[in-house]
Amino acid sequence: MIHDFRMPAVFRFGVGAFATLAKEIESLGARKVAIVSDKGLEKVGVVQRVVDLIEPLSVPTVTYTNIAGEPTFQLLQDAVETLQAEKCDLIIGIGGGSALDVAKATAALCGKSNLAPYLSGEETIESRTVKCILLPTTSGTGSEVTMNAIFGDEEQQVKRGLVSPVFLPDAAIIDPELTVSCPSRVTAASGVDAFTHAIESYIAIKSTPLTKVYSERAMKLFTSNITGAVHNGSDLEARVGMSWVSSLAGVALANAGVGAVHALAYPLGGTFHIEHGVSNALLMPYVFEVIGKTCTKEMVDVASFLQLGDFKSQPNEALKAVVDYMHQLLDDLDLPHTLAELDIGEDSLPMMAKQAAKIDRLLSNTPYQLNEQKILGIYQSAFKGREGI
Ligand SMILES: NC(=O)c1ccc[n+]([C@@H]2O[C@H](COP(=O)([O-])OP(=O)(O)OC[C@H]3O[C@@H](n4cnc5c(N)ncnc54)[C@H](O)[C@@H]3O)[C@@H](O)[C@H]2O)c1
């Protein structure tokens, strides 16, 4: 098997890195800039900070902040039409995964005459004429370093990912200071999302010795920084740690892919509009209880990365320790434990299992083959919750 490994052309990380954005815009020779962000970030003044930074460059700037909640294909189409008409040659995405996914997909789709085959996933986007810089404000989806962009399909009531190497930006600028204002629930949900990327990419069929280095480091940093970042948002050291987790896990996700947790989470987002991070966090222990049985060695490794103990002499015990840790995480971060808590009715589970079973891109990257019946069993466990919870 031949493996590629891809990263953005520029990966810049550090407290204060935001201030270098102006230099990056100049070096890309931009003539008209679009800032893509969401309503929440506009409210906390982040969009204005970008406008102020660009002003001395005398480069015309437009803003697109029509994003409220996780984006849909319809919204993406609106963003492309709006910014194509503005004839921007650089798109700056600043925000969580929602804003970054819109920014990178818009940059890749601007100039294409017929969007339909790209939006349906029938055709891969092979080229991009508009430049793109991404700055994350959550930690996170890792969207600034991935080749994916995820959108809700309102007609089908599902979430779907578009995948293309041209979604990698010209520059990813990660300034942990931008995450300090991130509310604790978003910090918790997006932080556990990053952990899901790390653990799923570690066991992924497409993982390599190189991607495993990223997954491992992300898990080690996650366990020592997540609680601080969630419960004391102004703890800059924890924010720096979580920003590394997000990017490291994002690189692992981009090059090894993720698996069943994400496949089972998609119907929660698509049909019930549950936040992506919350869906992944809730389902992760129930999914791993099943799929972890086929990756005993990896579970021993993960238990060690998470400082849960040395299970080399009793490898079959490692999975339980990892699953217990995942449940404890939900408690510690005040995240929901069951589908029932999210008001998802038990009668919806078969429909969700049918939808998730179709997501072959993710299920085939998981070292335990889940069919519709087994997926239904996992949803039923996640509905009831673990005994005693
Ligand atoms: N492209 C990828 O590789 C990838 C990977 C995982 C998830 N995703 C997608 O990313 C989306 C979720 O992204 P997310 O979890 O980062 O959340 P988000 O982008 O949806 O943001 C959630 C909320 O937090 C607010 N917010 C974000 N940063 C803030 C800050 N610093 N200060 C104040 N408010 C802030 C936003 O305004 C928003 O209201 C989903 O659509 C998911 O499918 C994409």
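Data for the structure
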read-out	value
Residue within the range 107-117 that is within 9 Å of the ligand (Cβ to nearest atom), within 19 Å of the chain's Cα centre (by Cα) and under 26 Å from VAL50 (Cα atoms) present	no
Among (1) part of a helix (DSSP H, G or I); (2) within 13 Å of the ligand (Cβ to nearest atom); (3) within 21 Å of LYS206 (Cβ to Cβ) - the single one VAL258 does not satisfy	(1)
Condition met for ALA103 (away from the ligand (no atom under 13 Å from the Cβ), in contact (Cβ under 8 Å) with a residue 12 or more places away in the chain and not in a strand (DSSP E or B))	no
Test: residue in the range 179-192 that is among the charged types (D, E, K, R) and crowded, with 24+ Cβ neighbours inside 10 Å	no
Residue count for the range 39-52, restricted to those that are surrounded by fewer than 19 Cβ atoms within 10 Å (Cβ to Cβ) and either charged (D, E, K, R) or within 16 Å of the ligand (Cβ to nearest atom) (or both)	8
Output for the range 190-208, where each listed residue is touching a His at 6+ places or on another chain (Cβ under 9 Å) and either near the ligand (Cβ under 9 Å from one of its atoms) or small (Gly, Ala, Ser) (or both)	SER190, ASP193, THR196, HIS197
Looking only at the range 264-277, and only at residues there that are more than 13 Å from the ligand (Cβ to nearest atom) and hydrophobic (A, V, I, L, M, F, W, C), the one that is farthest from LYS358 (Cα to Cα)	PHE272
Top-ranked residue of the range 65-78 - restricted to ones that are within 14 Å of the ligand (Cβ to nearest atom) and of a type outside the set (S, T, N, Q), ranked as farthest from VAL46 (Cα to Cα)	PHE73
Test for ILE291: is it under 20 Å from LYS384 (Cα atoms), surrounded by fewer than 24 Cβ atoms within 10 Å (Cβ to Cβ), assigned by TED's automatic domain parsing to the domain that holds SER207 and within 14 Å of the ligand (Cβ to nearest atom)	no
Counted residues, the range 126-174 - those being away from the ligand (no atom under 14 Å from the Cβ), assigned to a loop (DSSP other than H, G, I, E, B) and touching a residue at least 12 places away in the same chain (Cβ under 8 Å)	8
Residue in the range 36-46 that is farther than 30 Å from SER120 by Cβ and of a type in the set (A, V, I, L, M, F, W, C) present	yes
Criterion (within 11 Å of the ligand (Cβ to nearest atom) and not in a loop (DSSP other than H, G, I, E, B)) met by exactly one of THR223, THR211, THR187	THR187
GLY241 within 12 Å of the ligand (Cβ to nearest atom) and not aliphatic (A, V, I, L, M)	no
Single unsatisfied condition, ILE91 versus (1) within 16 Å of ILE150 (Cβ to Cβ); (2) buried (at least 22 other Cβ atoms within 10 Å of the Cβ); (3) of a type in the set (Val, Ile, Thr)	(1)
Flag if VAL36 is crowded, with 21+ Cβ neighbours inside 10 Å, in contact (Cβ under 8 Å) with a residue 60 or more places away in the chain and among the aliphatic types (A, V, I, L, M)	yes
Breaking point among (1) more than 18 Å from ARG6 (Cα to Cα); (2) touching an Asp or Glu at 6+ places or on another chain (Cβ under 6 Å), for GLN84	(2)
Wholly within the range 292-389, helices (runs of 4 or more DSSP H) carrying at least 1 residues that are farther than 21 Å from TYR266 by Cβ	296-305, 318-332, 372-384
Selection count where residues are closer than 22 Å to GLU275 by Cβ and surrounded by fewer than 20 Cβ atoms within 10 Å (Cβ to Cβ), scope the range 359-383	3
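The values are calculated or read from the model by the stated rules, or taken from the named source; none is laboratory data. What you see is a predicted model, and the numbers here were worked out from it, not measured in a lab. Neighbour counts run over all protein chains shown; Cβ positions are idealised from the backbone, glycine included.
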